[in-house]
Amino acid sequence: MTVALIWAQGNDRAIGRDNTIPWRVPEDARHFRDLTRGHRVVMGRATWDSLPERFRPLPDRVNVVLTTDRTWSSTGAVVAHDLRDALDTDVGPDDTVMVMGGSQIYDAALAFADMLHVTEIDVDVDGADAHAPEIDPERWVATHAGVWQVSSSGLRFRFLEYRLRSDGSTPASTTS
Ligand SMILES: NC(=O)c1ccc[n+]([C@@H]2O[C@H](COP(=O)([O-])OP(=O)(O)OC[C@H]3O[C@@H](n4cnc5c(N)ncnc54)[C@H](OP(=O)(O)O)[C@@H]3O)[C@@H](O)[C@H]2O)c1
């Protein structure tokens, strides 16, 4: 099993404000959909709440929602109360579990992750109250660093992929 974390961050690792994502980059939404489709996605209860009702559960994905509230339920959500259970349950050895936030869940899941899919967005977010974890360069190597592109929204963005460092790690290649 592979555990991958996937997020989009603005400048200073901002990922959210007032339980929303404070930008619109349709190309990143497509990237997220392409990478997560067919996989188990794991998210915190706040991130589930942040999804517009018409978009949840995210289609073609098992939606696992972490909460400490033993009474919580929501249509289409597979409820979990323990991160390890959320990552392990019913997943085959070749499958990838995609951890999709928010900041509490990224912080907790980083120690179990094999891969990171990070979209960098060149935007300053005033009042950001959710942040991505720091990526420790001693532990992680960028195996893919896409070129900066300009979104239809006008914002600059690029896609990166990180893997845990090992002797076999390769340096970042710059591709579109
Ligand atoms: N830019 C991006 O890529 C991206 C992606 C996802 C989310 N976001 C943003 O991130 C923000 C939300 O992040 P957040 O950190 O506030 O919330 P979150 O991580 O989505 O959810 C936090 C909740 O998860 C539950 N939880 C956390 N750790 C747990 C554990 N170990 N076991 C069981 N349950 C656990 C708790 O739910 P209970 O309170 O119910 O117990 C907690 O309140 C929003 O602004 C959202 O838009 C951004």
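Taking a quarter of the surface of the Cα convex hull of the range 4-71 gives a mean projected area of 5.5 nm². Each part gets one Cα centre, and for the range 105-127 versus the range 4-20 those centres are 6 Å apart.
With the simple model of a label 7 Å out from the Cα in the direction of the Cβ, W72 to E53 spans 1.8 nm. Per atom type, the range 1-92 shows carbon and sulfur on 45% of its accessible surface, probed at 1.4 Å.
The string of couplings for the range 122-131 from the Karplus curve (6.51, -1.76, 1.60, θ = phi - 60°) is 7, 9, 8, 10, 5, x, 4, 10, 9, 9 Hz, one whole number per residue in order, with x for Gly and Pro. In the context of the full set of protein chains, residues of the range 2-175 present 53 Å² of accessible surface per residue (probe radius 1.4 Å, heavy atoms only).
The simple spin-label model puts a point 7 Å past each Cα toward its Cβ; for D124 and H81 those points are separated by 4.5 nm. Placing +1 on the Cβ of every Lys and Arg and -1 on the Cβ of every Asp and Glu, with nothing else charged, gives the range 2-175 a dipole about its Cα centre of roughly 420 debye. With the dipole of the chain worked out from charges on the C-beta (+1 for Lys and Arg, -1 for Asp and Glu) around the Cα centre, which of A109, P22, Y162 lies farthest toward the positive end? The residue sitting most towards the positive pole is P22.
Taking the square roots of five times each eigenvalue of the Cα gyration tensor of the chain, the equivalent ellipsoid has semi-axes of 25, 21, 15 Å, listed largest first.
The values are calculated or read from the model by the stated rules, or taken from the named source; none is laboratory data. No experiment lies behind these values; they were computed from the predicted model shown. Cβ: placed from backbone, ideal geometry, glycine included. Neighbour counts: every protein chain shown. Areas reflect the complete protein model, heavy atoms only, side chains present, ligands, DNA and RNA absent. Shrake-Rupley method; radii C 1.70, N 1.55, O 1.52, S 1.80 Å.
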